[in-house]
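Enquirer: Shown below is the structure under consideration.
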Amino acid sequence: MTFASIIGHDRQKDLLRRALSSDRLSHAYLFEGPSGIGKRLMALALARAVFCQQGTGCGDCAACRKVDHHNHPDLHFVEADGSSIKIEQIRTMQKELSYRPLEAPKKICVIDDAEKLNLAAGNALLKTLEEPTANTLIIMLSAQPDALLITIRSRCQRLPFARIERKRLMEVLCEQLAIDETEAHILTSLANGSFKKALGKDRELYIEGRRDLLKTLTGLTPGSVLPLFNFAEKLAQNKELLPEILEIFQAFYRDLLLYHYGRSENELVNIDLMNKIHRVASEESTSSLLGKLSALDQTRRQLARNVNRQLAVEVLLMRLVA
Ligand SMILES: [Zn+2]
């Protein structure tokens, strides 16, 4: 991963490149912004540029290859162990950083999801940030920087990352993956500026899975009790993807609402399902659609609080088919 191969984030790339070439890299960075938009890739590109034997992040030298394979002895990663990053992990990292670099000019540590540092771990890390040494570089990544200790944030150089522009994301999908324009439109609408979402496991869900889910949903009627409970059970079992599934439902009802108001097709997500949108929209009123969107919103908030999933989804489906 080189700076050049990262899509978007030009200002951040420039800033890091210039800091590196003028030997003014900060001792600690906080890359902040939504997940899945390339913060980790940028951290790896920076590591490569710092370690590269050609000084460019060439991709061919032994140092670059070790970074790519995550086996460079001077590059360390800290990730949450379960739900949090614990003090033992920070102590291990500090011990590593206390040794001289083995092959590179400095040691680099990447802390992923830094908001998961628990209080003790955060306070331990603070010590390292307060007494920086010339041959260490800490890169923290976080989608929720406000959850970090304020004292940690103030001792890093903060670098905000924004979602990838939709137009850019669409170009990349069409060019690099040879996806047709309709699919690219749907993927970019649902991925909300995240490459990981548009290209990762969600891709299948967003294209094929979405059609099946909406077919089942719109096939339900207030009288179809058994199919409704079966569908609720199936959705509730899919704990990991449930938030994305609810996003798909939400996008569908938002489409119906936009269609009601006569907005152009281009503003809708499900442009491959125009027949369905036309049919279902004729059975709904503006207020029924707003009610369904608010039911979806409520369910999403409930699920974030760990309520009984199956029950929450059953209640939701009943409100959606009413
Ligand atoms: Zn290289």
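Just so it is clear, none of the values below were taken in a lab; they were calculated from the coordinates. Keep in mind the model is a prediction, meaning the values are calculated, not measured. Here the Cβ positions follow ideal geometry from the backbone for every residue, glycine too, while neighbour counts run over all protein chains shown.
Enquirer: Set the Förster radius R0 to 51 Å, insert the Cβ-Cβ distance between ASP212 and ALA4 as r into 1/(1 + (r/R0)^6), and round the FRET efficiency to 0.05.
Expert: Working: r = 39 Å, r/R0 = 0.77.
With a Förster radius of 51 Å, E is 0.85.
Enquirer: Shifting gears a bit: Compute the angle between helix 309-321 and the longest alpha-carbon principal axis of the chain, please, reported from 0 to 90 degrees and rounded to the nearest 10.
Expert: 50 degrees
Enquirer: Skipping prolines and chain starts, which residues have an amide H placed within reach, meaning under 5 Å, of the one on THR136, given they are 5 or more residues away or on another chain?
Expert: LYS107
Enquirer: Among DSSP beta bridges whose residues both lie in the range 10-160, state the antiparallel percentage, nearest 5.
Expert: 5 percent
Enquirer: Give the order of ASP272, ASP10 when sorted by the count of other beta carbons within 10 angstrom, beginning with the fewest.
Expert: Numbers: ASP272 16, ASP10 10.
Arranged by neighbour count, lowest to highest, ASP272, ASP10 become ASP10, ASP272.
Enquirer: I would also like to ask the following. For each of ILE245, ILE150, count neighbouring Cβ atoms within 10 Å of the residue's Cβ, then give the residues from fewest to most. Numbers along the way, then the final one.
Expert: Details: ILE245 18, ILE150 8.
Taking fewest neighbouring Cβ atoms as first place, the list is ILE150, ILE245.
Enquirer: How far is the Cα center of the range 264-322 from the Cα center of the range 31-57, in Å?
Expert: 39 Å
Enquirer: Please tell me which of these pairs span more than 25 angstrom C-alpha to C-alpha: LYS39/LYS107; LYS106/LYS197; LYS13/LYS107; LYS13/LYS86; LYS39/LYS167? Don't skip to the answer; put the middle values down first.
Expert: On the way: LYS39/LYS107 19 Å; LYS106/LYS197 33 Å; LYS13/LYS107 20 Å; LYS13/LYS86 31 Å; LYS39/LYS167 20 Å.
Cα-Cα > 25 Å for LYS106/LYS197; LYS13/LYS86; rest within.
Enquirer: Tell me which residues come under 5 Å, amide H to amide H, from PHE77 once H is placed; ignore anything under 5 positions away on its chain.
Expert: Result for PHE77 returns VAL110.
Enquirer: Pulled fully out, how much extra length does the chain show between ASP146 and GLU181, if you take 0.36 nm times their separation in residues and subtract their Cα-Cα distance?
Expert: Details: separation 35, 0.36 × 35 = 12.60 nm, distance 3.73 nm.
Here the answer is 8.9 nm.
Enquirer: With each run of n ≥ 4 DSSP H residues scored as -39500 (n - 2.57), what mean residue ellipticity at 222 nm is computed for the chain after dividing by its residue count and rounding to the nearest 500 deg cm²/dmol?
Expert: Estimated from H runs of four or more residues: -16000 deg cm²/dmol.
Enquirer: Toward the positive end of the charge dipole of the chain, about the Cα centre and with charges on Cβ (Lys, Arg +1; Asp, Glu -1), which of ASN306, ALA49, ALA251 goes farthest?
Expert: It is ALA49.
Enquirer: Identify, among PHE231, THR188, VAL280, the residue whose Cα sits farthest towards the positive end of the charge dipole of the chain, taking +1 on the Cβ of Lys and Arg and -1 on the Cβ of Asp and Glu, with the dipole about the Cα centre.
Expert: Highest projection toward the positive end goes to THR188.
Enquirer: Can you give me the relative contact order of the chain as a percent, contacts being Cα pairs under 8 Å and 6 or more apart?
Expert: 16 percent
Enquirer: Now for a different question. Taking the highest mean first, how do the peptides 178-185, 296-303 order by number of other beta carbon atoms within 10 angstrom per residue?
Expert: 296-303, 178-185
Enquirer: Let me ask something else about it. Using 20 Å as the cut-off for backbone N distance, which residues of the range 62-102 belong to the label zone defined by a point 7 Å from the Cα of GLU131 along Cα→Cβ?
Expert: Counting only backbone N, you get 87-101.
Enquirer: Using each residue's phi in the range 152-165, evaluate 6.51 cos²θ - 1.76 cosθ + 1.60 at θ = phi - 60° and report the 3J(HN,Hα) Karplus result to the nearest Hz, with x for Gly and Pro.
Expert: Taking θ as phi minus 60°, the curve returns 6, 4, 6, 9, 10, 7, 8, 10, x, 10, 9, 4, 5, 4 Hz for the range 152-165.
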